[in-house]
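Chemist: This is the structure I want to talk about, given as structure tokens.
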Amino acid sequence: AQKVTQAQTEISVVEKEDVTLDCVYETRDTTYYLFWYKQPPSGELVFLIRRNSFDEQNEISGRYSWNFQKSTSSFNFTITASQVVDSAVYFCALSGTYYNTDKLIFGTGTRLQVFP
Amino acid sequence: EAGVTQFPSHSVIEKGQTVTLRCDPISGHDNLYWYRRVMGKEIKFLLHFVKESKQDESGMPNNRFLAERTGGTYSTLKVQPAELEDSGVYFCASSQDGLGSLKNIQYFGAGTRLSVL
């Protein structure tokens, strides 16, 4: 069975702190995709990143970085120098198919609050 | 380009009533998905359309839920009759098949918050 676990329900930090959101996944598929989505107060889920199971290179996009480790089945998300605008609920998700679009399996989300 | 649009943003109904949710996907996206998040839990898959055909409806909870996608454009999700446990946020997503870094990514709407009293 496929499963995504986000153990951190809520994290509070002060602006400019670094924060890491954890994501652990379970799957028996050899090929799969991993995702992060952000849900700001406006409600829509905003796509942040997709990673395929063959690419374990870490990725950096501005203040955001992602650490994918197959050995520990983790796909963690780090925000460097957090800002108030980063306050949102962040969801990690797993898809079981490498190419064809398949349903997403989501974690329960981590609510990040960044205080000024 | 317009994103995924969902109507209404919020619906409050009484148990036993009928509610219809609508989703307008991104233009040109053949894939349309419905998901639901109940009481702060994980977002769960309901079903997947490819154009007007149901590709996967394994997540539909029971026969009180009916999804349609006439003409392969917008989709509706009807709950009839609604029960208390149907309360939650219903998300719609769409994606485009093909090769390339932006293909096969599901783009979501802001959801419809359904409250059944």
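Chemist: Give me the net charge of residue A:105's neighbourhood, meaning all other residues with Cβ under 15 Å from the Cβ of residue A:105; Lys, Arg count +1, Asp, Glu -1. Mind showing how you got there, number by number?
Modeler: Values: positive: A:3, A:28, A:50, A:51, A:103, B:36, B:37, B:41, B:44; negative: A:26, A:29, A:102, B:42, B:56.
Net local charge, residue A:105 excluded: +4.
Chemist: Rolling a 1.4 angstrom probe over the protein heavy atoms, how many square angstrom per residue are accessible across the protein assembly as shown?
Modeler: Details: 11380 Å² over 233 residues.
Result: 49 Å² of accessible area for each residue.
Chemist: Within 9 Å, Cβ to Cβ, of residue A:88, how many net charges do the neighbouring residues add up to if Lys/Arg are +1 and Asp/Glu are -1? All intermediate terms of the calculation are to be shown ahead of the outcome.
Modeler: Details: positive: A:38, A:111; negative: A:86.
Every neighbour counted, the sum reads +1.
Chemist: Starting from the Cα gyration tensor of the range B:49-117, take the square roots of the eigenvalues, sort them a ≥ b ≥ c, and report rounded, prolate or oblate (rounded when a/c is under 1.5, otherwise prolate if a/b is larger than b/c, else oblate). Before the final figure, lay out each step's value.
Modeler: Values: a/c = 2.55, a/b = 1.76, b/c = 1.45.
In terms of gyration-tensor shape, prolate.
Chemist: Any idea which of B:110, B:94, B:16 is furthest toward the positive side of the dipole for chain B, if Lys and Arg beta-carbons carry +1 and Asp and Glu beta-carbons -1?
Modeler: B:16
Chemist: Which of rounded, prolate or oblate describes chain A when judged by the alpha-carbon gyration tensor and an a/c cut-off of 1.5?
Modeler: Details: a/c = 1.98, a/b = 1.70, b/c = 1.17.
Taking the square roots of the gyration eigenvalues as a ≥ b ≥ c, chain A is prolate.
Chemist: Go ahead and run the numbers for FRET between residue A:9 and residue B:18, Cβ-Cβ distance against an R0 of 25 Å, rounding to 0.05. Please report the intermediate quantities before stating the final value.
Modeler: On the way: r = 34 Å, r/R0 = 1.38.
Efficiency, rounded to the nearest 0.05: 0.15.
Chemist: Residue A:78 versus residue B:70, label points 7 Å from Cα toward the beta carbon: distance in nm?
Modeler: Calculated label separation equals 5.3 nm.
Chemist: Could you order A:38, B:51 so the one with the most accessible surface comes first? Probe is 1.4 Å.
Modeler: Values: A:38 30, B:51 100 Å².
Most to least solvent-accessible, the answer reads B:51, A:38.
Chemist: Still on this model: Working with all protein chains in place, sort A:27, B:70, A:110 by solvent-accessible area computed with a 1.4 Å probe, largest first.
Modeler: Numbers: A:27 35, B:70 100, A:110 0 Å².
Largest accessible area first, the residues go B:70, A:27, A:110.
Chemist: Still on this structure, I have one more. Please report, for the Cα atoms of the range B:3-117, the Rg to one decimal and the Dmax as a whole number; what are they, in angstrom?
Modeler: My reading of the Cα-based Rg and Dmax gives 13.6, 46 Å.
Chemist: Here's a follow-up. Compute for the protein assembly as shown: radius of gyration divided by Kirkwood radius, i.e. Rg/Rh, restricted to C-alpha atoms, rounded to two decimals. Don't jump to the answer; show the numbers that get you there.
Modeler: Values: Rg = 17.7 Å, Rh = 18.3 Å.
In the protein assembly as shown, Rg relative to Rh is 0.97.
Chemist: In addition: Post the alpha-carbon centroid distance, the range A:49-99 to the range B:1-59, in whole angstrom.
Modeler: The range A:49-99 and the range B:1-59 have Cα centres spaced 25 Å from each other.
Chemist: Separate question: Leaving out same-chain residues fewer than 8 places away, which lysines sit with a Cα under 25 Å from that of residue B:44?
Modeler: A:3, A:38, A:70, A:103, B:15, B:54, B:78, B:103
Chemist: Taking all protein chains as present, what is the carbon and sulfur share of the accessible area of the protein assembly as shown, in % to the nearest whole number, probe 1.4 Å? Don't jump to the answer; show the numbers that get you there.
Modeler: Values: 5470 of 11380 Å².
Ligands and nucleic acids excluded, carbon and sulfur reach 48 percent.
Chemist: Another one. Could you rank B:94, A:87 by how accessible they are, 1.4 Å probe, largest area first? Don't jump to the answer; show the numbers that get you there.
Modeler: Details: B:94 0, A:87 35 Å².
The residues order as A:87, B:94, largest area first.
The values are calculated or read from the model by the stated rules, or taken from the named source; none is laboratory data. Given the structure is predicted, the values throughout are model-derived calculations rather than measurements. So basically every Cβ, Gly included, is an ideal-geometry build from the backbone, and we count neighbours across all protein chains shown. Surface areas here come from the heavy atoms of the whole protein model, side chains and all, with no ligands, DNA or RNA. Shrake-Rupley method; radii C 1.70, N 1.55, O 1.52, S 1.80 Å.
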